[in-house]
Amino acid sequence: MADVDLRKLRYFVAVAEQLHFGRAAAALHIAQPVLSRQIRALEDELKAQLFVRDRRATELTPAGRQLLADAGPLLASADALRRRVAGAARGPGSFTIGFMPGLIVTGAVRALAGRHPHLTVNVLRTNWDDQTDVLHDGRADVSYVRLPVEQSGLQIQALLAEPRVAVFPAGHRLAGKDTISVTDLADEHLLQDPAAVPEWRDIATEMRSRRRRSAPAFRTVEEKLEHVAAGHGIVVLPLSTAAFYTRPDIAYSQVSDLPPNQVCLAWDATRRSALIQDFAVIAADHPPVASPCLQAEHT
């Protein structure tokens with residue numbers, strides 16, 4: 001079998017995600033006939049049909065579904081290789097640390113810079129949907145992540161556990177209570193995937209009635225809080241995240257019987273970098289923290 005052409009693989013992913021050759025071609029800025037030829041060439045190379053097409057729809061075959069599942073990590077690794085080679089060509093001296101909202105990692109960043117004065121230390125804010133992607137595609141050398149994450153291909157080092165809080169509109173009946181139980185949330189509408197809070201899912205009224213409204217797709221904490229402030233429902237967040245985004249039109253209470261959120265340091269398990277190992281030790285000695293004054297209000 002011939003080596004897989006990464007350019008054709010990217011074309012395949014575009015079609016697989018759109019399930020429409022015309023839209024995929026437009027997104028790729030190439031002509032549709034060119035895209036069709038490239039996909040046929042990829043099928044010939046792999047000796048497998050990847051799509052079933054008719055006048056009404058384009059669907060993935062079983063081989064296409066398998067290729068799509070494997071293509072993401074492969075393309076991310078190629079991107080990471082390109083970034084690391086480019087960095088090496090510019091010369092040594094750069095290290096990037098990813099971090100999730102609400103985590104203050106300044107202590108570890110300063111400690112690394114102090115130990116390696118000629119090193120340029122960069123930080124990169126991540127979100128729930130890309131906190132491990134930045135490791136696989138090479139944008140970050142290490143990243144502070146909040147579990148659960150897909151841990152395949154990663155080395156994970158636990159750092160701390162922190163309480164989780166329910167976030168309400170400011171005038172909510174539970175606003176002002178320092179601590180509540182998950183049963184107090186049984187009649188609330190959760191704006192997140194219920195799997196993220198299985199303790200709520202198991203007792204929630206809207207889950208038993210099967211009249212649960214679909215949750216919006218969120219990319220950022222700010223989007224979640226806008227919906228909370230507008231009275232559309234509640235969210236459950238780690239304490240440091242809620243404290244970081246304090247605003248007058250929302251309130252939060254610690255949920256005593258929810259397990260804590262685990263914060264970890266993660267990096268690509270295949271990398272053998274002395275700097276990564278050095279930072280892992282530093283991160284353990286300088287755990288991330290939330291804003292001290294806001295954290296004190298909920299201790």
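The values are calculated or read from the model by the stated rules, or taken from the named source; none is laboratory data. Treat the numbers as computed from the prediction; the structure is a model and nothing was measured. All Cβ positions, even for glycine, are placed from backbone atoms using ideal geometry, and neighbour counts span all protein chains on display. Side chains are part of the model used for accessible areas, which takes the heavy atoms of the whole protein and leaves out ligands, DNA and RNA. Shrake-Rupley method; radii C 1.70, N 1.55, O 1.52, S 1.80 Å.
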Task: Sorted largest first, extent of the stretch 34-91 alpha carbons per principal axis (Å) - done: 52, 24, 22
Task: Residue-wise HN-Hα coupling along the stretch 209-219, computed from phi with Karplus coefficients 6.51, -1.76, 1.60 (Hz; x: Gly, Pro) - done: 7, 6, 10, 5, 6, 5, 7, x, 8, 9, 10
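Could you work out the relative contact order of the chain? I mean the mean sequence separation of Cα pairs under 8 Å and 6+ apart, divided by the number of residues, in percent.
Values: 468 pairs, mean separation 64.5, N = 299.
Contact order relative to length: 22 percent.
With a ≥ b ≥ c the root eigenvalues of the C-alpha gyration tensor of the stretch 28-180, is it rounded (a/c under 1.5), prolate (a/b larger than b/c) or oblate?
Values: a/c = 2.91, a/b = 1.43, b/c = 2.04.
The shape class here is oblate.
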Task: Contour minus Cα-Cα distance for A41 and L160 (0.36 nm per residue) - done: 37.9 nm
Open item on the list: If I build a Gaussian network model for the chain, linking alpha-carbon pairs within less than 10 angstrom, which residue out of R201, R55, R173 has the largest mean-square fluctuation?
Closed with: R55
- [ ] Can you send over the carbon and sulfur percentage of the accessible area for the stretch 184-262, probe radius 1.4 Å, protein chains only?
- [x] 50
Task: Backbone N under 15 Å from the T220 label point (7 Å along Cα→Cβ), restricted to the stretch 112-152 - done: 125-130
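With n ≥ 4 as the cut-off for DSSP H runs, can you work out [θ] at 222 nm for the chain, using -39500 (n - 2.57) per run divided by the number of residues, rounded to the nearest 500? Spell out each step's value before the answer.
Numbers: 12 runs with 120 residues, N = 299.
Computed mean residue ellipticity for the chain: -12000 deg cm²/dmol.
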Task: For the stretch 162-242: relative contact order, % (alpha-carbon pairs under 8 angstrom, 6 or more apart) - done: 51
Task: In Hz, Karplus ³J(HN,Hα) per residue of the stretch 36-41 (6.51, -1.76, 1.60; θ = phi - 60°; x = Gly, Pro) - done: 4, 5, 5, 5, 4, 5
Task: Selection from L46, G233, N122 lying farthest towards where the dipole of the chain points positive, charges on Cβ - done: L46
Task: Most mobile of S36, S94, S240 in a GNM of the chain (Cα contacts under 10 Å) - done: S36
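To check you understand DSSP bridge types, tell me what percent of the beta bridges within the chain (both residues inside) are antiparallel, rounded to 5.
70
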TODO: Over the chain, give the accessible area per residue in Å² for a 1.4 Å probe, as an integer.
DONE: 52
TODO: Would you mind telling me the antiparallel percentage of the DSSP bridges in the stretch 162-299, rounded to 5?
DONE: 75
Task: Exposure of H232 as accessible area (Å², to 10), given a probe of 1.4 Å and all protein chains - done: 90
- [ ] At 1.4 Å probe size, with no ligands or nucleic acids counted, give the accessible surface of K177 in Å², nearest ten.
- [x] 100
- [ ] Take the chain, connect every pair of alpha-carbon atoms lying under 10 Å apart with a spring to form a Gaussian network, then pick out the residue of A204, A229, A196 with the largest mean-square fluctuation.
- [x] A196
Task: Separation in nanometres of the label points that stand 7 Å from Cα toward Cβ, at T205 and H116 - done: 5.5
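Just how large is the dipole of the stretch 177-299 about the Cα centre, in debye to the nearest 20, putting +1 at every Lys and Arg Cβ and -1 at every Asp and Glu Cβ? Don't skip to the answer; put the middle values down first.
Values: 12 positive and 17 negative charges, 94 e Å.
Roughly 460 debye, rounded to the nearest 20.
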TODO: Apply the Karplus parameterisation 6.51 cos²θ - 1.76 cosθ + 1.60, with θ equal to phi minus 60°, to every residue of the stretch 48-65 and state each ³J(HN,Hα) to the nearest whole Hz, in sequence, with x for glycine and proline.
DONE: 8, 7, 9, 10, 10, 10, 9, 5, 9, 7, 10, 10, 7, 7, x, 5, x, 5
